[in-house]
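The values are calculated or read from the model by the stated rules, or taken from the named source; none is laboratory data. Fair warning: this is a prediction, and the values are worked out from it, not measured in the lab. Every residue, glycine as well, gets a Cβ built from its backbone with ideal geometry; the counts of neighbours run over all protein chains shown.
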Amino acid sequence: MINTYIQTKSYEVTQLDDELIILDSDHFTITRLNKVGGVCWSLLSEAQTVESLTHAIQERYPRFNEDVKSDIQFFLSDLIHCGLIQEGSRIAI
């Protein structure tokens, strides 16, 4: 079984240069994401797995290597901690 991840709700999002700014007015927090984080965030509007995000980033940014998977796992962990995403259903492989 593989975990899926998805945004917990709609947030106010603003693009500022190469950064994405996520405003959570319920918790009075601001989260800044770089360009790659912004791509992941946009994909998380629908359920994603670590593997699907890794594949999407490697296709978009071919210079990234296999370390991307561990970076994405860390990124997802941070977003869960901030309450911006949640683990969704588990899917069979």
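Rundown of residues vs (1) at pLDDT below 95; (2) touching a Ser or Thr at 6+ places or on another chain (Cβ under 7 Å), yes/no style:
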{"position": "2", "(1), (2)": "yes, yes"}
{"position": "27", "(1), (2)": "yes, no"}
{"position": "50", "(1), (2)": "no, no"}
{"position": "58", "(1), (2)": "yes, no"}
{"position": "88", "(1), (2)": "yes, yes"}
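The listed residues are 45, 77, 10, and the only one of them that is in a helix (DSSP H, G or I) and out of contact with any helix residue (DSSP H, G or I) (no Cβ under 6 Å at 6 or more places or on another chain) turns out to be 77. Could you say whether any residue in region 25-43 is farther than 16 Å from residue 82 by Cα, surrounded by fewer than 18 Cβ atoms within 10 Å (Cβ to Cβ) and of a type in the set (Asp, Glu)? Looking through region 25-43, none of the residues is farther than 16 Å from residue 82 by Cα, surrounded by fewer than 18 Cβ atoms within 10 Å (Cβ to Cβ) and of a type in the set (Asp, Glu).
One residue alone among 59, 46 is of a type in the set (Asp, Glu) and within 12 Å of the chain's Cα centre (by Cα), and that residue is 46.
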